[in-house]
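Presented below is the structure to which this report refers.
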Amino acid sequence: MTQAKHESKALAPLMIAALGVVFGDIGTSPLYAFKEAFAGTHGLPLSEANVLATLSALFWAVTLIISFKYVFIVLRFDNEGEGGSLALASLAQRSARVGVQRRVAAVTAAGVFAAAMFYGDAVITPAISVLSAVEGIAVVAPTLEHWIEPITIFILVILFCVQRSGTAVVGRFFGPVTVIWFAVLALLGAWSIAQTPEVLRALNPMYAASFVAEKPGQSFLLLGAIFLALTGGEALYADMGHFGARPVRMAWYFIVSPALLINYFGQGALVLRSSEAVSNPFFMLAPEDWRLPLVALATMATVIASQATISGAFSITAQATRLGYLPRLRQLHTSDTERGQVYIPAVNWMMLVAVVVLVLEFDTSSELAAAYGIAVSGDMIITTLLMLFITTMSQRRLKTVLLVVLGGFLVVEVLFFASNLTKFMAGGWLPMLLGGALFTMLTTWKRGSSLITRERRRINIPMKDFVGGPPLDVPRVPGTAIYLTSDTETVPSALFHNLKHFKVLHERVFFLHVSIEDVPRVPDIDHIEVHELGGGNYTVEVRYGFREEPNIPEALAALADLGLVLEPMSTTYFVARATVVEGQGNDLQAWRRALFGWMMRQSEGPANYFHLPPNQVVELGTQISL
């Protein structure tokens with residue numbers, strides 16, 4: 001009973017915290033989603049029938065895709081409490097090992113491609129969100145319209161510059177500001193609905209169904225605008241590990257979903273009363289005296305939405321690095337208590353440049369809306385495919401029913417994706433190009449790394465030969481040498497070169513292998529494993545989950561419990577840094593070899609990545625021919 005009360009007390013703060021992090025993106029969709037149905041080259045003519053059909057389609061899309069698929073079903077597909085495309089791909093891989101091994105590569109590629117597409121969303125979200133909020137200035141004071149772009153860029157630059165300090169301080173304000181935001185959404189919408197209650201007829205799905213039957217071509221194009229109301233839904237799954245599934249569900253069902261839908265219907269009611277409001281129905285919902293404060297509140301809400309997306313980009317980069325799809329990049333942990341709060345300078349500044357270029361290139365949120373949607377709809381399709389694969393391999397209850405339901409979602413999401421493709425030439429090419437480029441980089445690094453491992457195995461001395469008969473004429477000097485190795489079956493190249501040049505061995509030699517598991521966190525009992533090889537030689541395997549931060553000295557402190565005390569003044573870490581040179585093989589095309597070499601040069605050294613003491617590290621260079 002006490003535990004239940006404690007969980008109940010903890011639920012409310014978690015729900016409020018989730019509002020700012022999880023729902024920031026989808027929570028700002030009312031700024032542009034409904035408006036885009038009647039804007040642009042594919043916009044619908046403004047009429048009562050079209051407004052009701054749009055609201056009906058929007059209501060049922062949000063209900064089925066977000067409320068039912070993501071919140072009710074997808075949140076159940078967690079990987080040790082974590083979500084996201086890479087976590088789901090890892091879960092699918094484990095299912096594949098029980099079933100069909102040949103599909104592992106396809107499952108992995110799907111998860112990696114979804115992660116690559118996420119970056120397209122992460123770049124566009126800050127641009128379209130902040131720009132759409134600042135555009136409210138034109139409603140309040142049309143003469144200031146020329147200031148929209150500079151103000152947007154100024155806000156974005158400040159946003160990216162403060163990333164270094166982390167979200168710990170700003171995060172305390174995220175939840176309360178977002179609570180106010182959703183309350184204002186609901187109040188504005190309800191006030192407008194009260195004036196035109198007949199708009200509630202759009203709750204009837206027949207309005208959407210009749211529109212599809214009578215105007216299939218326009219319905220297909222309308223899906224691209226409707227989908228803007230769903231963008232950010234994928235964050236419900238990606239961010240579930242921060243708060244747990246229950247607070248996310250409760251916040252959606254009781255706060256976010258009602259506020260969003262009431263606001264959308266309020267915008268529909270407004271344009272039914274006043275057709276000129278269709279140019280910016282969100283801000284025109286408010287009385288004239290409230291519009292300037294509403295612009296300020298909307299700007300804060302979009303900054304929060306952007307912050308959540310940027311943090312997500314940092315997190316997925318860290319996950320990709322730990323799973324071997326990206327080189328080691330400099331990472332700074334911005335919280336003493338939350339390991340998930342990381343800052344990656346290289347990603348931060350590249351994203352800032354990309355976002356500013358987007359604002360300058362597209363000028364308005366309506367133009368950016370054409371580029372939005374393809375990345376998210378592609379991510380949703382991959383999520384559904386991975387869930388179908390996991391369900392097929394599993395023995396879940398109601399398995400057939402779940403497969404049919406997921407198949408239905410897949411059909412709908414493919415239609416959304418196809419509709420978004422009609423905006424390809426108007427800007428939709430951007431996230432596809434970005435996602436394709438990042439997918440190429442991720443897979444190139446994975447492939448190049450595996451080839452380097454293979455090449456090292458070919459030229460390195462097998463570990464069993466070294467342990468079975470180490471060179472007898474080599475003197476042993478006092479102290480402990482720790483050699484980092486990616487392959488436990490071969491002698492590290494750093495040891496080979498050390499013997500070649502210095503012709504000595506330390507009294508104690510540790511061969512240290514760091515393993516990143518496909519689970520978020522490894523239990524303490526399985527964290528480190530030691531084997532004595534004889535002759536003062538040991539193998540040590542340290543295991544981390546993909547959500548954990550590798551810290552070798554901290555992990556090796558546990559060796560003291562086994563009587564293997566490491567004195568800092570007599571312990572040296574030996575690491576090898578490889579350089580790729582052109583070889584005779586055809587395993588890696590010349591352009592991919594050049595790309596891989598460039599990525600290697602950007603990689604953070606193992607000493608920094610594994611938090612090795614700087615004054616205890618010796619780094620030896622090797623050349624690898626590919």
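Laboratory data are not the source of any read-out in this text; all were calculated from the coordinates shown. Fair warning: this is a prediction, and the values are worked out from it, not measured in the lab. Virtual Cβ from ideal backbone geometry, glycine too; neighbours counted across all protein chains shown.
Could you please report the charge total around Pro568, scoring K, R as +1 and D, E as -1 over all other residues with beta-carbon less than 15 angstrom from its beta-carbon?
Combined, the nearby Lys, Arg, Asp and Glu give -1.
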Excluding exposed DSSP-loop trypsin sites (Lys or Arg not before Pro) (at most 12 other C-beta within 10 Å), longest clean stretch of the chain: 1-396
Amide proton proximity set for Thr571, modelled H, under 5 Å, gap of 5+: Thr480
Global form of segment 337-410, assessed from the alpha-carbon gyration tensor, a/c cut-off 1.5: oblate
Taking all pairs of distinct alpha-carbon atoms in segment 553-608, Kirkwood radius in angstrom: 14.8
Debye log10 I(q)/I(0) at q = 0.20 Å⁻¹ for segment 130-258, Cα point scatterers: -1.38
Reduced Cα scattering model of the chain, Debye log10 I(q)/I(0), q = 0.09 Å⁻¹: -0.77
Span-rule helices in the chain, defined as complete DSSP H runs reaching 30 Å or more along the axis (Cα) with Kyte mean at least 1.6: 104-134, 399-421
Residues Met284, Met569, sorted so that the one with the fewest Cβ neighbours within 10 Å comes first: Met569, Met284
Amide H contacts under 5 Å for Gly545, placed H, 5+ residues apart: Glu517, Val522
Per-residue Cβ neighbour rank within 10 angstrom, fewest leading, Tyr372, Tyr325: Tyr325, Tyr372
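For segment 192-289, compute the orientation-averaged projected area of the C-alpha convex hull (one quarter of its surface), in nm².
8.5
Mind sorting Asp473, Asp239, Asp379 by how few other Cβ atoms lie within 10 Å of their own Cβ, fewest first?
In increasing order of surrounding Cβ atoms, one gets Asp473, Asp239, Asp379.
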Dipole of the chain, positive direction: furthest Cα of Val353, Pro176, Phe283, with charges on the beta-carbon: Val353
Relative contact order of the chain, pairs being alpha-carbon contacts under 8 Å that are 6 or more residues apart, as %: 20
Prolate/oblate/rounded label for segment 460-625 (Cα gyration tensor, a/c 1.5): oblate
Amide H partners (placed H, <5 Å) of Phe610, local residues excluded: none
Net +/- balance of residues flanking Phe511 in space, Cβ distance below 13 Å, scoring K and R +1, D and E -1: -3
